[in-house]
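> Dropping the structure in here first, questions after.
The values are calculated or read from the model by the stated rules, or taken from the named source; none is laboratory data. Worth saying up front: this structure is predicted, and the values here are computed from it rather than measured. Here Cβ is always computed from backbone atoms with ideal geometry, including for glycine, and neighbour counts include all displayed protein chains.
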Amino acid sequence: MAHGAPSSERDPTFAAKSRSTWEVVGRVAIYLRPYKLAAAATVTCAVLSLLASFAFPKLTAYAIDDVIRQGHAELLTPVMLGLIGAFLLRDLFSGLRILVNNHFEQNVIFDMRRDVYSRLQRLPVGYFDQRASGDLMTRVIEDVNSVERVLIDGTEQGVVALVGVLGVGAILIYTNPLLALVAMSPIPVLAAGAMWYTLTAHRRYRRQREASSAMNALLMDNLQGVRQIKAFSREIHEDQRFRERADALRWGTLGIMRVWAIYSPVMSFAGAIGFALVLWVGGRQVIQHQMEPGALVGYLLYLGMFYTPIGQLHGLNQLLQSGRAAGERVLDILDAPKERPDARARQPLRLPIRGEVIYENVRFSYDEGKTALHSINLHARPGEMIALVGPTGAGKSTVVNLLPAFYELTSGRILVDGQDIGGVALESLRQQISVVSQEPFLFNGTIRENILYGKLDATGDELLAAARAANCFEFITNLPEGFETRVGERGVKLSVGEKQRVSIARALLKNAPLLVLDEATASVDTATERLIQEALERLMANRTSFVIAHRLSTIRQADQILVLRHGQIIERGTHEELLAQAGLYARLARIQNTSTIEEGFTKLEVVP
């Protein structure tokens, strides 16, 4: 394996908690409950189709022994019509089963996929920090399909196979007990083989599902990072990485198929031995005139109908083990703890919001034993601008991410207008906060849809007003399709500055009293920076704003500047107050030829 290439075996995020087959089946079976009538109709049609086929061996034996051998030509036509009628009923019920089953399975897939997606939407941000998007997509799409096949196809085929085995078995015993005993002689071998396969297959299927997730995760990363791949001429490197992931999936699938290539023929051969033994013993009975030739033919046809469902049960075992591995991964999402699961016990924010925000002794750790923030205390009065500065990794983003509760505090509390947000319903809290990130995210839709994301029921006038205030109205109207222009994945068809202004328009339309702003003017030209800065000033007007500052020029007018280092606030005050303190901020402000604050802190690390 190439150095640095990820591996599904090394990455635990592709794995899932091990569960028993019956736990998985029992948990996902609840999705059948709303469709009891469809489930019953599917199974009923399948059983009726099977019962109609039971007439074929009996009519065949009758036609040979009582019609053809006895020379009753007048009976041949009605017997053949009866045979055709049996086939017609068999295929009619089979067609109805397929029709009902398709609707049934698509409804179940829809319900399960909807629930899995809904759960994903309500998981904390930290859950996604630890998982690859491609893996989650695999679980929502491929794994849900595998689970559905166990639920519907497995249930239907299992019932039909059992009815076939028991029904035909009863006919065989009633017709000729001796031949029935011979016919069932391979059953111990078949049962032992099924038990062995059941106990060993799960590991192989789990390995295959993890390899599939690993490959899909890499594929999604590469598609999103295709410009970086081309910029660094890493096509050959990525070819190798994908080859390794695809190879792992290939060998995982081949591992399953190799075992199935041995297991399935052995089980089939065991059934064939039974068939040969019955023909051997039955042939002797015919020779000794203890049995009619037609009766033996009919018995052999019934015997085929007996071994066929046994073979189906073996196939269902394979389906069950595949579904178990997929079900574990689906249930991992459904069982993941939601953000503040006790939402009903939490109160909404009291309106209207004035915008006073207080952090009291706030501590936070992403992982146990690794504290990101130490005793953060701050007081933002209504309408104030709070600027956070510090080197990369100082904790600036962590501080602001705690306000909309993207992460839960380790200790301490945050108050909004005197109300502890720890006891506030998340939807109520986040409705009062607008977030504009440094790297604006636009959905793969139209500009209109992206701006309206801030307020879905906004009027046309409100939309236009927000676009004008964000300084994006002019460039939008100059586009061939205007507001209906599709922006592409992550807004790829727009420039950085255009995307930023659209995201500001979205925040303006939301009109929330609290604002979290990761200032983003470092990667645009001067004219665009001026447009963005004007839009930001309009956005921050009359709002309590928390600004992660990247340039000193943008924070001189801040009501408070907080200097962070190693997760602690080491200095605070206005621009003038911090200059007078002659501390770290003052040293930073004196450095020349510095484009960003982070660059300035880097220089301070080496300049005495």
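> Within the stretch 1-29, take every residue that is more than 20 Å from the chain's Cα centre (by Cα) and within 19 Å of Leu199 (Cα to Cα) and give me the one that is modelled with the lowest pLDDT.
Thr21
> Name the residue that is surrounded by the fewest Cβ atoms within 10 Å (Cβ to Cβ), counting only residues in the stretch 58-95 that are under 48 Å from the mean Cα position of the chain (by Cα) and not small (Gly, Ala, Ser).
Leu88
> Just for the stretch 211-237: of the residues that are closer than 23 Å to Thr253 by Cα and hydrophobic (A, V, I, L, M, F, W, C), which one is surrounded by the fewest Cβ atoms within 10 Å (Cβ to Cβ)?
For the stretch 211-237, the residue satisfying everything is Leu219.
> Another question, then. If a residue has to be more than 30 Å from Ile187 (Cβ to Cβ) and assigned to a helix (DSSP H, G or I) to count, how many in the stretch 228-280 make the cut?
24
> Now for a different question. Is the stretch 80-100 home to any residue that is of a type in the set (Lys, Arg) and farther than 24 Å from Met305 by Cβ?
No, every residue in the stretch 80-100 fails to be of a type in the set (Lys, Arg) and farther than 24 Å from Met305 by Cβ.
> For residues in the stretch 267-282 being farther than 17 Å from Leu313 by Cα and of a type in the set (A, V, I, L, M, F, W, C), which is modelled with the lowest pLDDT?
Phe275
> Could you count how many residues in the stretch 348-378 are part of a strand (DSSP E or B), of a type in the set (A, V, I, L, M, F, W, C) and surrounded by 18 or more Cβ atoms within 10 Å (Cβ to Cβ)?
7
> Here is a follow-up. With the structure loaded, tell me whether Val330 is over 33 Å from the mean Cα position of the chain (by Cα) and either in a helix (DSSP H, G or I) or surrounded by fewer than 23 Cβ atoms within 10 Å (Cβ to Cβ) (or both) or whether it fails that test.
Here the answer is no, as Val330 does not meet what is asked.
> Further question on the same structure: Would the stretch 508-527 turn up any residue that is closer than 30 Å to Ile569 by Cα, buried (at least 19 other Cβ atoms within 10 Å of the Cβ) and touching a Cys at 6+ places or on another chain (Cβ under 8 Å)?
There is no residue in the stretch 508-527 that is closer than 30 Å to Ile569 by Cα, buried (at least 19 other Cβ atoms within 10 Å of the Cβ) and touching a Cys at 6+ places or on another chain (Cβ under 8 Å).
> Out of the stretch 377-395, which residues are without any contact (Cβ under 8 Å) to a residue 40 or more places away in the chain and farther than 19 Å from Leu514 by Cα?
Listed by number, the list holds a single entry, Gly393.
> If I ask for residues that are within 20 Å of Thr544 (Cα to Cα) and of a type in the set (D, E, K, R), which ones from the stretch 560-590 would you list?
Scanning the stretch 560-590 gives a single hit, Arg572.
> Just one of (1) exposed (fewer than 13 other Cβ atoms within 10 Å of the Cβ); (2) over 23 Å from Ile433 (Cβ atoms) trips up Gly393, so point out which.
For Gly393, the exception is condition (1).
> Checking Tyr197 against (1) within 30 Å of Leu166 (Cβ to Cβ); (2) without any contact (Cβ under 8 Å) to a residue 24 or more places away in the chain, only one condition comes out false. Which one?
Against the list (1) within 30 Å of Leu166 (Cβ to Cβ); (2) without any contact (Cβ under 8 Å) to a residue 24 or more places away in the chain, Tyr197 comes up short only on (2).
> Looking at Gly311, Gly283, Gly304 in this structure, which one is without any contact (Cβ under 8 Å) to a residue 40 or more places away in the chain, surrounded by fewer than 16 Cβ atoms within 10 Å (Cβ to Cβ) and under 21 Å from Leu50 (Cα atoms)?
After ruling out the rest, the residue left standing is Gly304.
> Right, here's the next one. Take residues that are closer than 28 Å to Leu508 by Cα and modelled with pLDDT of 90 or more and tell me which of the strands (runs of 3 or more DSSP E) falling wholly in the stretch 530-589 contain 2 or more.
Per the criteria, 544-548, 560-565.
> Any residue at all in the stretch 311-331 that's among the aliphatic types (A, V, I, L, M), modelled with pLDDT of 85 or more and within 29 Å of Glu148 (Cα to Cα)?
Among the residues of the stretch 311-331, at least one is among the aliphatic types (A, V, I, L, M), modelled with pLDDT of 85 or more and within 29 Å of Glu148 (Cα to Cα), which makes the answer yes.
> From the list Asp457, Asp420, Asp461, pick out the single residue that is modelled with pLDDT of 90 or more and in contact with a strand residue (DSSP E or B) (Cβ under 6 Å, 6 or more places away or on another chain).
Being modelled with pLDDT of 90 or more and in contact with a strand residue (DSSP E or B) (Cβ under 6 Å, 6 or more places away or on another chain) holds for just one of Asp457, Asp420, Asp461, which is Asp420.
> Determine, yes or no, whether Gly488 is at positive phi and surrounded by fewer than 22 Cβ atoms within 10 Å (Cβ to Cβ).
yes
> Looking for whichever is of a type outside the set (Phe, Trp, Tyr), touching a residue at least 24 places away in the same chain (Cβ under 8 Å), out of contact with any Pro (no Cβ under 6 Å at 6 or more places or on another chain) and farther than 30 Å from Trp251 by Cβ here; the options are Ser53, Ser18. Which one fits?
On inspection, the qualifying residue turns out to be Ser53.
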